[in-house]
2 protein chains.
Amino acid sequence: MEHHRPADLARLIHPRSIALVGASERAGSIGERTLTNLLTHSELAGPLYLVNPSRPELRGQRCWPSVAALPATPDVVVVAVPASGVLAVIEDCAARGVAFAVILSSGFGEAGDQGRRQEQRLQEIAARSGLRLYGPNCPGLTNVNQRLGLTFSPSFPHDLVKGPIGLATQGGGLGRNVMQAMERGIGIGLWASTGNEVDLQVADFIHYMADAPDIRVIVSLLEGIKDGPKFVAAVQRAAANGKPVIVLKVGKSEYGRRAAQSHTAALTGSAQVNSAIFRQFGVVEVDDIDELADTAWLFARAMPGAREALGIYCSSGGTAALTADAVGAAGLRLAAFTPETTALLRARLPDYAAIGNPVDTTAMVLSDQSVVETTLGRVASDANLGLTIVPIALDYGASTTRMADCIIHAQQGCAAPIVPIWMSDRLGEGYQRLVAAGFAPPRSVGKAVSAIRRWVEYGRHRRANPDVGALQRPLAQPGQRSHDGGATRSLGEAQAKQMLQQAGVRLMPNALAKSADEALAHAGRIGYPVVAKIVSADIAHKSDIGGVQVGLRDAAQLQAAWHTIMSTVTARQPGARIAGLLIEKMAAPGSVELMIGVTRDPVFGHVLTFGLGGIYVELLRHVTRRLLPIAARDAAAMVHTVRALLGGARGQPPADIAALEELLVRISDFVLRHADRIEELELNPVWVGAKGQGAIPLDALIIERTGAAA
Amino acid sequence: MEHHRPADLARLIHPRSIALVGASERAGSIGERTLTNLLTHSELAGPLYLVNPSRPELRGQRCWPSVAALPATPDVVVVAVPASGVLAVIEDCAARGVAFAVILSSGFGEAGDQGRRQEQRLQEIAARSGLRLYGPNCPGLTNVNQRLGLTFSPSFPHDLVKGPIGLATQGGGLGRNVMQAMERGIGIGLWASTGNEVDLQVADFIHYMADAPDIRVIVSLLEGIKDGPKFVAAVQRAAANGKPVIVLKVGKSEYGRRAAQSHTAALTGSAQVNSAIFRQFGVVEVDDIDELADTAWLFARAMPGAREALGIYCSSGGTAALTADAVGAAGLRLAAFTPETTALLRARLPDYAAIGNPVDTTAMVLSDQSVVETTLGRVASDANLGLTIVPIALDYGASTTRMADCIIHAQQGCAAPIVPIWMSDRLGEGYQRLVAAGFAPPRSVGKAVSAIRRWVEYGRHRRANPDVGALQRPLAQPGQRSHDGGATRSLGEAQAKQMLQQAGVRLMPNALAKSADEALAHAGRIGYPVVAKIVSADIAHKSDIGGVQVGLRDAAQLQAAWHTIMSTVTARQPGARIAGLLIEKMAAPGSVELMIGVTRDPVFGHVLTFGLGGIYVELLRHVTRRLLPIAARDAAAMVHTVRALLGGARGQPPADIAALEELLVRISDFVLRHADRIEELELNPVWVGAKGQGAIPLDALIIERTGAAA
């Protein structure tokens, strides 16, 4: 589908010519501020046309009455007129064959129903003409690296610190906060803030940045994702080009969702599904703005290599212990130093210093800085580690400034990054020197270590998924994104199992019995012990109304069970239409209870959930999720999360892990083959036997779509 | 025991007279710096005697040759001589009847075995004379509120910002970092840094601060806890006096423990046990220094009241959503505003603003601040909330300064605290005004919300445990703290169950059978089905070697089981001495598997662990812990953590929660009655029947101490 294809944004981001509609001299107006940013602070690659029907000229530049009247067609039209005038301008742009319009105006979807209707009309014009729209209700586009501000932000001139980080956001407020992080040496080269996203989305800019040579790290603030497949394609493109994507998603909790929805019209899907898909495609998710800045800086500084172990170098035992704790709690490893490093530390540090890892030089370095000069570089270059943390607990003034100089000098001689942590609230000369030298020191141990953890995990994910950038899936599952609240119906166990069996999923031998005699006949063929379960389209929870009996060991017990079930069920739910009893071979007891589920996420499509089943589901929520389809490697990673339960505790033999993995892949294939039909699927519990005995769903439920979508 | 009793520290903290041994003029020496702090920067309540045998006078003050030669006995002697001279000075102090000695010198336990022996001799002198020792290897004692610096720290003069927070630390480095947090308006009135703790411990100072009228909030950085009961008594005292204790414990991970141990000789017990005991006694645990500062400030600002719900007030939708997410993720609640607040917001805010909670005024307030002036105070005083968060994403200059003024003004008219979050890296005029007005704005949403979460949870804990400050336990369990690695022996299931039965713990009917015939007789009396389990002091893991058979339904099956077990066990472990088989009534199947364990923590004593048992233990570690003894209320809280598993899922009846709670209390009583004997106890699994059927340990193991300690 055309819809999911990314736009080619080169002409938007480096336009050869620009028109500003609504150019103005009224101080503080959007038209005036945008004009100032373009005329005074930008470096333009070609002509800037001013459009204002009531003025012959502005600031010595000729004004044109309309887009239609322009002497040439500009690449980009920036629209800075009130909402009521926007549609006419956009019609003009479409007629003129303009490629891009940046609509700064607010008063659209965020303002109510009337605004939402206006947005629809904008979309119609875009769809019909090929004109691509950016905004509305946005601060514009800030191309710092090329010094171009298609924005009314008065901060633009202050933002002109070039850098390798690209920022794509929806709303402007939080994005500006990230821009202010440049105060501590984080250079953001391009900021796209797409506002209400009537057409171009954050994902389009992620895709653009994935290819842009001046951007190495992509950062995104998301309030909602409008087009899941497009987002996935964009982050896969970034992965293919070796660029990390760091995402802060707001609207994760019910409260946040409410706040985000009142703010924009963007759809906010399930937070668990979003996070799972981020993990699956190597997107680095963070939870706060400062984490985002720290993490982006670290990736811009260096990409993670194969060496995951860390070094800690510090001059206070308590701080060393605090940092080591954070490293341990984050599941990271401290390196064992090479003999050369150890020998040098032993020779240069006092007897009572700690020369293992963490290195605690003790406070003696405050009086003799030469020790740091000769040892820090050696530690940071140690062949056994990939990154060195240098927590600086205090700003002592001159001695701390010398420490900063030592860090700057050591970093010059070593490829693995050094991460200084500036823990003090005093931001003295040492701090300023670090920032000037390109460090953006995290301000607490926890913040530094959580950035480092994400950096290490990203490297690990890349190594484990070398092809994560390759497109693994058809981008447009027919009907997949339709979330029309269409009618559905539930296929009960018997029907669901039949479908699964046809798809090659192994089940316990079973058969539907319409009478007690049939039940006995089936059981005789299947072999005792058996389970008997009510089959009725009207009954959702079989156990709850006495519709299940397990462990039936012989004909007498089965016969009795038939009568008990029938009388209990009909007593408790008199009107239920009953098709009979499903007679099924009973699985050996003692297996751990697992579950496999599939749901259709409104943004991304079918998502598979796997984890603990049975009564533990509710309490523990020990599950893992993947967007479909999954490959064998994904299945293995999913099963690994419950590995501890399958290892043969208490002298039991190890479980049939291969069969469980195969079942997951088979379910993935099955669902995608029936993607237009299947809305939900749940296999709970799934029984796992000893090696060779298989992995078998004991219960099954499918909810299928009955609407027109199929 | 004398040992656990807190020292009366009033004369140490407000001495009437002080002697400085090692007073010096050598620039930068410890003796010189301490002298400067005392003479130039302190306000002394009485005479300061200088001791230096080689000088008649220093800075115009007479010098005395020794402590013995002083004209009067000082309350406190500050020792600033090299380690080699310390013992002689302390002997002098003891002979003279000095109450306290503050030993600043380093070169003791932290420097090796020789230093540790010196510490032992210091302890002997203290024990024999009653002289109390502070240090060694510490920066001293900083009494900011009374302007007294028994310290060599050159920062002391800068630290003189009075405040209601007391700080008790071991090492000096991290403590000084907290002191630097005063840069953002956090006033610390007293800082004790106890160094190697040969005598006085952090807990003594927590106890002192609990009673000190000028301290309202107690903050502690702990590398290890030497005396668990003393620590518990101190935090209970603080609780009784309504003062929160906020603790950052380093050495929580293996890495951190290693670093902490190389630094001090302090014992670092199990991190899980420490954290559980902190929770139990209402101690607020934090994980990082900045969290500690944010949390301490919030408690100093206001104590949590009965209203837990929060307000969010902000001018950016994205920031509102980010903050609301953090509130949701922390398990906190947003308030529903009163009709009055809602009416005012509707009247004053623009149509497209969000007037629910979070309030999003939209950026219009940048141009019309009067809206904030009229509405923020109303929101912050709303009767339905206990605290209002005001995230400030950006520093826009003048308009942000006006926002700060509005916050300051609104706070003056309302008792519930307002917590501004200063998210920008620009610390402009608005930030400075907030700090000057007594706000210490957290610097990120996450940091603010985690401080607020701890604040709310502390209030909740106080309400649920109104008597947490009351001493619930004998402070010195005989033998409890001996951790001498003495011999232990394991009581197998049969013996352990006998002890439990005598203690009134309900078990499944069981009996030891020495022959197959005895087994059949027992089973006949008990009733089938039964379980048969090998009884042997030589066999630890019965199942693993085929020593258990379950579900024996009749005499024939039991007979067969006897022979199978005996032949399997003797084949697999030929030398094992076998006492017979334990024949036990089999519990009904289907119960969730729980476990109860008791271990002896080397610092605190017996700790009870309760949670999921069976194979889930390893994977999920879903457990909760309490220091013994526990009361009925504790047992209820512990059982509550697995409530979701006991509620009668799948149509099963609800479990016997009362019996489970009673079992926990009974085990607590049982262990304390045998505290000198029991080293460990494990009941796993514990079976829980339906209401009225009881909670019954199915397996039991006790490890008892056989050494002299009993």
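Treat every Asp and Glu Cβ in the stretch B:195-344 as -1 and every Lys and Arg Cβ as +1, leave all other atoms uncharged, and give the resulting dipole magnitude about the Cα centre to the nearest 20 debye.
Taking the Cα centre of the stretch B:195-344 as origin, the dipole is about 300 debye.
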>> Can you tell me the length gained on complete extension of the stretch A:SER54 to A:CYS414, counting 0.36 nm per residue apart and subtracting the Cα distance?
In response: 123.4 nm
>> Multiplying the sequence separation of B:GLU518 and B:ARG116 by 0.36 nm and subtracting their Cα-Cα distance, what value in nm do you get?
In response: 138.6 nm
> So how compact is the stretch A:136-276: Cα radius of gyration and Dmax in angstrom?
Replying inline: 14.4, 40
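Calculate the dipole size of the stretch A:1-160 relative to its Cα centre from +1 charges on Lys and Arg beta carbons and -1 charges on Asp and Glu beta carbons; express the result in debye to the nearest 20.
Computed about the Cα centre, the dipole is about 180 debye.
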> For the stretch B:305-464, what is the per residue volume of the convex hull drawn over the alpha-carbon atoms, in cubic angstrom?
Replying inline: 98 Å³
>> With θ taken as phi - 60° and the coefficients 6.51, -1.76 and 1.60, list the Karplus ³J(HN,Hα) couplings across the stretch A:655-665 in order, rounded to whole Hz; mark glycine and proline as x.
In response: 7, 7, 5, 4, 5, 5, 4, 5, 4, 4, 5
> Within a Cβ distance under 14 Å of B:GLY504, other residues only, what is the Lys/Arg minus Asp/Glu net charge?
Replying inline: +2
> Over the Cα atoms of the stretch B:594-705, what is the Rg over Rh ratio if Rh follows Kirkwood?
Replying inline: 0.97
> Residue farthest toward the positive end of the dipole of chain B, with Cβ of Lys/Arg at +1 and Asp/Glu at -1: which of B:GLY692, B:ALA300, B:ALA637?
Replying inline: B:GLY692
>> Using only the alpha-carbon atoms, what does the protein assembly as shown span along each of its principal axes? Please give whole angstrom values in decreasing order.
In response: 108, 102, 66
> Using a ≥ b ≥ c from the Cα gyration tensor of the stretch B:399-463 (square roots of the eigenvalues), is it rounded, prolate or oblate, where a/c under 1.5 gives rounded and otherwise the larger of a/b and b/c decides, a/b for prolate?
Replying inline: oblate
> Once you sort the root eigenvalues of the Cα gyration tensor of chain B as a ≥ b ≥ c, which label holds: rounded (a/c under 1.5), prolate (a/b larger than b/c) or oblate (the other case)?
Replying inline: oblate
> In whole Å, what is the distance between the alpha-carbon centres of the stretch A:60-125 and the stretch B:391-419?
Replying inline: 38 Å
> Where the label is 7 Å out from Cα toward Cβ, how close does A:GLY397 come to the same position in every other copy, in nm, shortest first?
Replying inline: 3.4
> Charges only on Cβ, +1 for Lys and Arg, -1 for Asp and Glu: so what's the dipole of the protein assembly as shown about the Cα centre, in debye to the nearest 20?
Replying inline: 820 debye
> Put +1 on the Cβ of each Lys and Arg and -1 on the Cβ of each Asp and Glu in the protein assembly as shown; which of A:GLY413, B:THR706, A:GLY356 then has its Cα farthest toward the positive end of the dipole?
Replying inline: B:THR706
> Using the C-alpha gyration tensor of the stretch B:1-139, what are the square roots of 5 times its eigenvalues, in whole angstrom, with the largest one first?
Replying inline: 23, 18, 14
> Rounded if a/c is under 1.5, else prolate if a/b is larger than b/c, else oblate: which is the stretch A:509-585, with a ≥ b ≥ c the root eigenvalues of its Cα gyration tensor?
Replying inline: prolate
> On full extension of the chain, what length is gained from A:ALA487 through A:ARG553, given 0.36 nm per residue of separation minus the C-alpha to C-alpha distance?
Replying inline: 19.6 nm
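All of the numbers you see were taken from the coordinates with simple rules; none came from a lab. Small disclaimer: the values here were computed from a predicted structure and weren't measured. Counting neighbours? That spans all protein chains shown, and the Cβs are built from the backbone with ideal geometry, glycine included.
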